[in-house]
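Comments concern the structure below.
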Amino acid sequence: QLQACGGGLVQAGGSLRLSCAASGIIFSLYHMVWYRQAPGKERELVASILTDASADYTDSVKGRFTISRDNVKDTAYLQMNSLKPEDAAVYYCKATHAVRGTNYWGKGTLVTVSS
């Protein structure tokens, strides 16, 4: 029900925009979260956007990444600028129902950053 895409290979300093398209859910009722997992590391929360569009970021991406949502297109986005090699990871999106707490995960999309 969540389809993440937009990953790829980019040089350090470059940009990518990830998309997470939802289907089969009432998108506007879900908080959306982007996670990432690098090889050998635990999955970490990168950015979140609530149903009221308030957003939060992990410190390492503040000022470089922007999370957004389009409740008409049922899609969440993660704009990633000034990418660093340490941003390389598989990025996952998650939808959490704002009341029930039900979670849906998308399959990951791979981001590779060359130095």
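Within region 82-115, take every residue that is outside any strand (DSSP E or B), closer than 20 Å to Ala38 by Cβ and touching a Phe, Trp or Tyr at 6+ places or on another chain (Cβ under 7 Å) and give me the one that is least open to solvent (accessible area, probe 1.4 Å). Quick ask: steps written out before the conclusion?
Pass one, region 82-115, residues outside any strand (DSSP E or B): 82-88, 98-102, 106-108, 115.
Then drop every residue that is not closer than 20 Å to Ala38 by Cβ, which leaves 82-88, 106-108, 115.
Now drop any that are not touching a Phe, Trp or Tyr at 6+ places or on another chain (Cβ under 7 Å), which leaves 106, 108.
Details: Gly106: 7, Gly108: 36 Å².
Taking the candidates together, the pick is Gly106.
Given the residues Thr102, Thr75, which is the only one that is polar (S, T, N, Q) and in contact (Cβ under 8 Å) with a residue 40 or more places away in the chain? It would help to see each step written out before you state the result.
Working: Thr102 fails: in contact (Cβ under 8 Å) with a residue 40 or more places away in the chain.
Criteria check complete, one pass: Thr75.
Can you find a residue that is open to solvent by 60 Å² or more (accessible area, probe 1.4 Å), of a type in the set (S, T, N, Q), on the phi < 0 side of the Ramachandran plot and not in a strand (DSSP E or B) anywhere in region 6-13?
The first filter runs over region 6-13 and keeps only residues open to solvent by 60 Å² or more (accessible area, probe 1.4 Å), leaving 9, 11.
Narrowing further to those that are of a type in the set (S, T, N, Q): 11.
Going one step further and asking which of them are on the phi < 0 side of the Ramachandran plot, we end up with 11.
Within this subset, residues satisfying the condition of being not in a strand (DSSP E or B) are none.
Scanning region 6-13, I find no residue that is open to solvent by 60 Å² or more (accessible area, probe 1.4 Å), of a type in the set (S, T, N, Q), on the phi < 0 side of the Ramachandran plot and not in a strand (DSSP E or B), so the answer is no.
With respect to Tyr57, determine if the residue is under 17 Å from Thr109 (Cα atoms) and either surrounded by 15 or more Cβ atoms within 10 Å (Cβ to Cβ) or among the aliphatic types (A, V, I, L, M) (or both).
Values: under 17 Å from Thr109 (Cα atoms): no; either surrounded by 15 or more Cβ atoms within 10 Å (Cβ to Cβ) or among the aliphatic types (A, V, I, L, M) (or both): yes.
When the stated conditions are applied, Tyr57 does not pass them.
Can you tell which of Ser68, Ser19, Ser48 is open to solvent by 30 Å² or more (accessible area, probe 1.4 Å), part of a strand (DSSP E or B) and touching a strand residue (DSSP E or B) at 6+ places or on another chain (Cβ under 7 Å)?
Sole residue among the options that is open to solvent by 30 Å² or more (accessible area, probe 1.4 Å), part of a strand (DSSP E or B) and touching a strand residue (DSSP E or B) at 6+ places or on another chain (Cβ under 7 Å): Ser68.
Within region 22-45, track down each residue that is surrounded by 15 or more Cβ atoms within 10 Å (Cβ to Cβ) and among the acidic types (Asp, Glu).
Passing the criteria: none in range.
The values are calculated or read from the model by the stated rules, or taken from the named source; none is laboratory data. Nothing here was measured: the structure is a model prediction, and the numbers come from that model. With ideal geometry, Cβ positions are generated from the backbone for all residues, glycine too; neighbour counts draw on all protein chains shown. Ligands, DNA and RNA are stripped out before the accessible areas are found, and what is left, the full protein with its side chains, is counted by its heavy atoms. Shrake-Rupley method; radii C 1.70, N 1.55, O 1.52, S 1.80 Å.
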